[in-house]
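Notes to accompany the following structure.
The values are calculated or read from the model by the stated rules, or taken from the named source; none is laboratory data. For clarity, every value in this text was computed on a predicted model and none was experimentally measured. Cβ placement follows ideal geometry from the backbone for every residue including glycine, while neighbour counts extend to all protein chains displayed. Only protein heavy atoms, including side chains, enter the accessible area calculation; ligands, DNA and RNA are left aside. Shrake-Rupley method; radii C 1.70, N 1.55, O 1.52, S 1.80 Å.
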Amino acid sequence: MKLSQMLFVTLREEPADAEVRSHALMARAGFIQKLAAGIYVYGPMMWRVLRKIENIVREEHDRAGCLELLMPAVQPRELWQESGRWDRYVQDGILFHFADRKGSEVCLGPTHEEVITTFVKRQIQSYKQMPVTFYQIQTKFRDEIRPRFGLMRGREFIMKDAYSFDPSAEAMKASYERMREVYRAIFRRCGLRFTPVEADSGAIGGSGSEEFMVDADTGEDAIAVCRESGYAANVEKAVSQIAPPPPAPEAIAMHKEPTPGAKSCEDLQRLFPDLPLERMLKTVLYKASFTEREEIVAVMARGDREINEVKLLNFLDALNVELADEQTVRQATGAEPGFAGPIGLADHVRLLADASVEGVQGFLCGGNETDTHYLDVWFDRDLPQPPSHDFGLVQDGDLSEDGQGRLSITRGIEVGHIFQLGTKYSEAMSAQFQDEDGKNKAIWMGCYGIGVSRVAASAIEQNHDANGMIWPLPIAPYSVLLVQMKAGNEDQDRVAQELYDQIQEAGVDVLWDDRVKVSPGAKFKDADLIGIPLRIVIGRDAKDRKVEWKPRVGETEVLTVEGALEKLKVALQEQNS
Ligand code: ATP
Ligand code: MG
């Protein structure tokens, strides 16, 4: 392709809403253009990148025996009611849904478990037809609360989603393991540095799940990693060892203390400098919503632990969990926010505790009275010990659960997510098969997603410099860029044409900057911006059939035309090995 024929337009200014480099650079280079919040046109260069990623995804799925199909984006409400997900997705606001002309509700697919389960249940009768895995590469729609970061969090985006079907839990696990290898191969081939982590299953449901995180400081996800034990988990899901309870003090009677204005543990530490943080128990109030009701939940935790709302949401099996507002706190505690405690809460409040409070005695807690706390409180003497579970949010430096090392918190971009779904959807939607023993059973499912457009953005988050993007060779819009300093110069024209022809003949995608009225300086700037990794510069030395080998990153070398072609061959081979 010749750049002069590409309607290549760059912007001088970065878009005002660009918070991350991938967004800013892609927009400036004309790779993407915003149409509405989270909705983008993929320009020709971007589309080439996306197609290359899709091809890698397709090849690896096909190699593993997965079957490609294409499902509709428009999905009827009835399917989502069958699976029981309509209400949660509508309540979350994530679902684009509307009524058709007959008044039937439909949605634009944010994911396809319902559709594939319907498809498969009409196809599969016997255990002999499994295992089977289907996949598609398709546009997904999610009305995200905060669409941002360009392609990273779109409202319309490209996803590869796959679904496995098996006759037993063991077989499902085997399919899941196979897919895990497929994912590793895909991200490796895309040239990304990534970490697979244990993950929360979220609204999709099911048991085991892992996310593939591209290592990047700008990632929206926090990951807890322990080098010693090899543990890696999304912070939403991560566990750590809870430090043992502090020794109990001498048992004296519980008493109320005035604590004017002391609403946080820091305030209380100033008031009671001798009381360890581990013997300060906080009580945090949440409003949990369910399909037809709300519940106020108070969660106790040790002063040195934060509460993980995802763990709480999962435990309650609620649609949503949020911090209670001021009025709710007043109704539940009779006090201003900051003084909630387990003793004397209103009857409608459900009291729970994080596992960290187990064994803590002689503690401080809120008094459910403004400017008041209780001191020297003992479980089983002054109040029953509330039911406790792990609701803890891990912190940097926490001891890993197996005690082998410390957790450190890093950041990543979730580019893939694999789930063992079990029989959640097949049971809800009666997708059954006849097993070897002649009995009808629910099909075991797995589901597997890759954010194709997010992969492209994350590659740039990981690989860029002050001058522009740096594409990993396998997913670059073009593998090679020929920069011709002076188009129209006879020697340069001849050498550039020769290189262009030879490279094309070798089946390699090449872009030729043959623009006439553009200065060499501007050409180099553009070349850096669009980030094609392999570059050959054709300049003054073309008269001696000499060119410059000038990769986007790395050493520059003056070579003969043949030498440059040889160099190119080696670079491409290295990439394939
Ligand atoms: P997130 O937690 O980032 O919202 P998710 O867990 O809801 O994502 P999944 O349902 O697991 O996403 O979707 C599979 C993959 O699709 C994700 O791993 C991610 O790469 C991609 N993806 C999800 N939401 C978006 C989005 N709004 N824009 C671009 N890609 C997305
Ligand atoms: Mg996910």
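Here is how the numbers come out for the structure above:
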| quantity | calculated |
| --- | --- |
| Single match in S400, S408, S426 (criterion: over 22 Å from F212 (Cβ atoms), more than 16 Å from ligand 1 (Cβ to nearest atom) and of a type in the set (S, T, Y)) | S426 |
| Residue tally, condition away from ligand 2 (no atom under 16 Å from the Cβ), touching a residue at least 40 places away in the same chain (Cβ under 8 Å) and under 19 Å from T111 (Cα atoms), over the stretch 392-423 | 1 |
| Residue in the stretch 194-207 that is modelled with the lowest pLDDT, counting only those that are of a type in the set (S, T, N, Q) and more than 12 Å from ligand 2 (Cβ to nearest atom) | S207 |
| Conditions (1) touching a residue at least 40 places away in the same chain (Cβ under 8 Å); (2) more than 20 Å from E266 (Cα to Cα); (3) outside the structural domain of E220 (by TED's automatic domain parsing); (4) buried (at least 17 other Cβ atoms within 10 Å of the Cβ): number failed by F379 | (1) |
| Selection status of A428, over 30 Å from E82 (Cα atoms) and small (G, A, S) | no |
| Subset of the stretch 236-246 (residues that are within 16 Å of the chain's Cα centre (by Cα) and open to solvent by 40 Å² or more (accessible area, probe 1.4 Å)) | E236, K237 |
| Residues located in the stretch 490-510, provided they are more than 16 Å from K569 (Cα to Cα) and of a type in the set (A, V, I, L, M, F, W, C) | V495, A496 |
| Pick from the stretch 208-235, criterion in a loop (DSSP other than H, G, I, E, B) and crowded, with 22+ Cβ neighbours inside 10 Å, ranking: nearest to ligand 2 (Cβ to nearest atom) | G219 |
| Subset tally (residues that are of a type outside the set (D, E, K, R) and crowded, with 17+ Cβ neighbours inside 10 Å) for the stretch 545-558 | 3 |
| Any chance F363 is in contact with a helix residue (DSSP H, G or I) (Cβ under 9 Å, 6 or more places away or on another chain) and away from ligand 2 (no atom under 16 Å from the Cβ) | yes |
| Filter pass, V41 being open to solvent by 50 Å² or more (accessible area, probe 1.4 Å), free of Cβ contacts under 8 Å to residues at least 60 places away in the same chain and within 23 Å of the chain's Cα centre (by Cα) | yes |
| Residues that are among the hydrophobic types (A, V, I, L, M, F, W, C), farther than 13 Å from C107 by Cβ and surrounded by fewer than 16 Cβ atoms within 10 Å (Cβ to Cβ), drawn from the stretch 55-93 | L67, L69, L70 |
| Residues of the stretch 100-116 satisfying the condition of being within 16 Å of ligand 1 (Cβ to nearest atom), open to solvent by 10 Å² or more (accessible area, probe 1.4 Å) and more than 15 Å from V90 (Cα to Cα) | V115 |
| All positions within the stretch 391-401 that are part of a loop (DSSP other than H, G, I, E, B), hydrophobic (A, V, I, L, M, F, W, C) and open to solvent by 30 Å² or more (accessible area, probe 1.4 Å) | none |
| Residues of the stretch 11-30 classified as in contact with a Leu (Cβ under 8 Å, 6 or more places away or on another chain) and small (G, A, S), total | 4 |
| Members of the stretch 288-304 found to be among the hydrophobic types (A, V, I, L, M, F, W, C) and open to solvent by less than 10 Å² (accessible area, probe 1.4 Å), listed by number | A288, V297, A298, V299, M300, A301 |
| Leading residue by the ranking (surrounded by the most Cβ atoms within 10 Å (Cβ to Cβ)) among those in the stretch 423-455 that are touching a Pro at 6+ places or on another chain (Cβ under 8 Å) and part of a strand (DSSP E or B) | W444 |
| Residue count for the stretch 117-132, restricted to those that are open to solvent by 20 Å² or more (accessible area, probe 1.4 Å) and not in a loop (DSSP other than H, G, I, E, B) | 7 |
| Hits in the stretch 152-175 (condition: within 15 Å of ligand 2 (Cβ to nearest atom), part of a helix (DSSP H, G or I) and not hydrophobic (A, V, I, L, M, F, W, C)) | none |
| Selection count where residues are within 18 Å of the chain's Cα centre (by Cα), open to solvent by 30 Å² or more (accessible area, probe 1.4 Å) and among the aliphatic types (A, V, I, L, M), scope the stretch 139-192 | 1 |
| Complete set of residues in the stretch 307-354 that are in contact (Cβ under 8 Å) with a residue 60 or more places away in the chain and part of a helix (DSSP H, G or I) | V310, K311, L312, N314, F315 |
| Members of the stretch 237-260 that are touching a helix residue (DSSP H, G or I) at 6+ places or on another chain (Cβ under 7 Å) and at pLDDT 95 or above | T259 |
| Single residue of Q361, Q420, Q404 found to be open to solvent by 10 Å² or more (accessible area, probe 1.4 Å) and in a strand (DSSP E or B) | Q420 |
| Yes/no for A527 being surrounded by 19 or more Cβ atoms within 10 Å (Cβ to Cβ) and in a helix (DSSP H, G or I) | yes |
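Per-residue answers, yes or no, for (1) crowded, with 17+ Cβ neighbours inside 10 Å; (2) in contact (Cβ under 8 Å) with a residue 60 or more places away in the chain; (3) not assigned by TED's automatic domain parsing to the domain that holds Y42:
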| position | (1), (2), (3) |
| --- | --- |
| G507 | no, no, yes |
| W512 | yes, yes, yes |
| V516 | no, yes, yes |
| R535 | yes, no, yes |
| K543 | no, no, yes |
| V570 | no, no, yes |
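Every residue, every condition in (1) in contact with a Lys or Arg (Cβ under 8 Å, 6 or more places away or on another chain); (2) touching a residue at least 40 places away in the same chain (Cβ under 8 Å); (3) within 19 Å of D161 (Cβ to Cβ), yes or no:
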{"residue": "E78", "(1), (2), (3)": "no, no, no"}
{"residue": "G84", "(1), (2), (3)": "no, yes, no"}
{"residue": "A99", "(1), (2), (3)": "no, no, no"}
{"residue": "S104", "(1), (2), (3)": "yes, no, no"}
{"residue": "I116", "(1), (2), (3)": "no, yes, yes"}
